[in-house]
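> Below are the structure tokens for one structure; questions will follow.
The values are calculated or read from the model by the stated rules, or taken from the named source; none is laboratory data. Everything numeric here is computed off the predicted structure, so don't read it as measured data. So basically every Cβ, Gly included, is an ideal-geometry build from the backbone, and we count neighbours across all protein chains shown. Note: accessible area is taken over every heavy atom of the protein model, side chains too, but ligands, DNA and RNA are not part of it. Shrake-Rupley method; radii C 1.70, N 1.55, O 1.52, S 1.80 Å.
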Amino acid sequence: MSTTTATIDIPVPADRVWQLIGGFGSLPDWLPYIPASTLTEGGRVRSLTNEEGGVIVERLEAFDNQARRYSYSILRAPFPVIGYRSTLTVHDKPGGHSRVEWSGTFTPAGTGEEEAIALFHGIYTEGLAALKKTLGA
């Protein structure tokens, strides 16, 4: 099993960051390369459409509003991995700042471990940079 984690510090209170990203269907609000998200199964499954029109289907596996964290798995996607599970967490930092952490575990399938890690690390890093920009920080 492979893993990768990306973090970013944002000079915005954690509650404000969580208010933007804590909804399972909220990716289009802050992630430019995901322009559409449709929730089904009572909000537990999201179908994401990327800029090229590809569809990624993910299931919410755990949600903790108090800890500002949720975890999800991929049900269907064009990624070369299996057993994917990711967690997005917003941590309090001193001075009204926050640290956002996006991590994932997966097993490469049809590609090498380094390539799979680089793919998801890039997605997480670019996504967190977009979040910071969206928040005007």
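> Carbon and sulfur together cover what percent of the accessible area of the chain at a 1.4 Å probe radius?
Taking all protein chains in place, the chain shows 50 percent carbon and sulfur surface.
> A further question follows. Counting only heavy atoms of the protein chains, get the accessible area per residue of segment 10-137 (1.4 Å probe) and round it to a whole Å² value.
Here the per-residue accessible area is 50 Å².
> Extension gain E51-T7, at 0.36 nm per residue separation less the Cα-Cα distance, in nm?
Extra length from E51 to T7 when fully extended: 13.5 nm.
> So for the chain, taking the charge dipole from beta-carbon charges (+1 Lys/Arg, -1 Asp/Glu), which of G54, I117, A67 sits furthest toward the positive end?
Toward the positive end, the furthest listed residue is A67.
> Quick check for me: using +1 on Lys/Arg Cβ and -1 on Asp/Glu Cβ, what's the dipole size of segment 1-126 about its Cα centre, in debye to the nearest 20?
360
> Using the basic label-point model (7 angstrom from Cα toward the beta carbon), what is the R59 to K133 distance in nanometres?
3.4
> Using the per-residue mean of other Cβ atoms lying within 10 Å as a proxy for protection, in what order, highest first, do the peptides 61-68, 97-104 fall?
Listed from highest to lowest mean packing, they are 97-104, 61-68.
> Hey, rough spin-label estimate for A109 and Q66, points 7 angstrom out along Cα→Cβ, what's it come to in nanometres?
For the pair A109/Q66, the computed spacing is 3.6 nm.
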